[in-house]
Amino acid sequence: MEKSRDRLVRATACDGMVRCVAAITTNLVDEASRRHRVSPTVSAALGRTLTAGVLLGSLLKDTEKVTILLQCTGPIGGITVEADAHGNVRGYARNPQVDLPLTERKKFDVRGIIGGGMLYVLREADYYRTGLFRDPYCGSVPIVSGEIAEDVAYYLTQSEQVPSAVSLGVFVLPDEERFFRVEAAGGFLIQTFPGVADDVLRNLEASVLAAPYITEMIRRGMGPREILQTALGDYAFEILEEKEVRFACTCSSERARRILAALDPEELRAMLREDGGAEMTCHFCNAMYRFDVTELRALLPEGEATH
Ligand code: ZN
């Protein structure tokens, strides 16, 4: 069966006092898990953070990007996720293979591999898209939960002063060929603005609490619209945007070549002598770029190319 594509819906409710986004990210979390060969628990942790990236990315201006950085005291070490306003997200975990047994409730011990630490969120102009450099906006909070959704909600509420509810989830199933595969992943974000009525707040809190697990809704076949409706309870919403989201990296062979070309020629000569070429791996997507002797020599100052 062909899986449907990952998608996101951004909407507004209660006369603009409520902003909400929901996304299905099953394929992109599966792709990230495959690319980085992560353990099931890291798949859950990285997948939740990628999904948070997609949700926050949808709130950006056209030319901005957002980076979510978890500096963790737990065995995963850290997670870095970068997303733009166009549904592109990429990310990695510092220690992709670490794992822990399931918790007593048969859930991934995400809190266990994250431990404590700090959560940073950076918003900046996308340099590659605009050629502009502006000082980034950076906020941070201590990691209070380790389950990621609560931490992102805490960050938005405390650091950005926008009361927020966040739900994130990844569900995996055993797979004969690949050990496991991501069966469902996604999340939603509900934010309220100053002046929202108390009864609206109370009703939203109740409907968010009463909503089934996000992965359960996705496995039942619900799309982002149905998920938003469940989270909002009886409130109607108006869709502002509906789009595809995907795992996408900005690395390329050409970019890797430019990094090599900027090295000291002596370093290039050492690579030629000792390694007979060069290999570069992209942290974000695990793509490897190989440069053979001829390609490497071509990067040396003129006159050496033929030696
Ligand atoms: Zn890459």
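How much of R178 can a 1.4 Å solvent probe reach, expressed as accessible area in Å² and rounded to 10?
Rounded to the nearest 10, that gives 90 Å².
Accessible area per residue, 1.4 Å probe, Å², for the chain: what's the number?
Result: 51 Å² per residue.
For segment 156-249, what does the alpha-carbon gyration tensor say about shape, rounded, prolate or oblate, given a ≥ b ≥ c as the root eigenvalues, a/c under 1.5 as rounded, and a/b over b/c as prolate?
Taking the square roots of the gyration eigenvalues as a ≥ b ≥ c, segment 156-249 is prolate.
Grab the chain and count how many Lys pairs have their alpha-carbon atoms under 29 Å apart, sequence gap of 8 or more, or different chains.
6
Once the Cα gyration tensor of segment 7-247 is found, what semi-axes does its equivalent ellipsoid get, as square roots of 5 times the eigenvalues, in whole Å, sorted largest first?
26, 22, 18
Test of understanding: what is the full-extension gain from E238 to S252, defined as 0.36 nm times their sequence separation minus their Cα-Cα distance?
1.2 nm
Lone cysteines in the chain, going by a 4.7 Å Cβ-Cβ cut-off?
C14, C20, C72, C138
Any chance you could look up the accessible area of K107 with a 1.4 Å probe, heavy atoms only, rounded to 10 Å²?
About 80 Å², rounded to the nearest 10.
Taking the Cα centre as origin and putting +1 on Lys and Arg beta-carbons and -1 on Asp and Glu beta-carbons, what dipole magnitude results for segment 253-297, to the nearest 20 debye?
Rounded to the nearest 20 debye, it is 160 debye.
If a/c stays under 1.5 just call it rounded; otherwise compare a/b with b/c (prolate if a/b is bigger, oblate if not). Do that for segment 253-297, with a ≥ b ≥ c from the square roots of the Cα gyration tensor eigenvalues.
Here segment 253-297 falls in the prolate category.
The values are calculated or read from the model by the stated rules, or taken from the named source; none is laboratory data. Here the structure is a predicted model, which is why all the values come from computation and not from measurement. When we count neighbours, we look across all protein chains shown, and the Cβ atoms used for this are built from the backbone with ideal geometry, even at glycine. Each accessible area value is taken on the protein alone, full model and side chains, heavy atoms only, with ligands, DNA and RNA left out. Shrake-Rupley method; radii C 1.70, N 1.55, O 1.52, S 1.80 Å.
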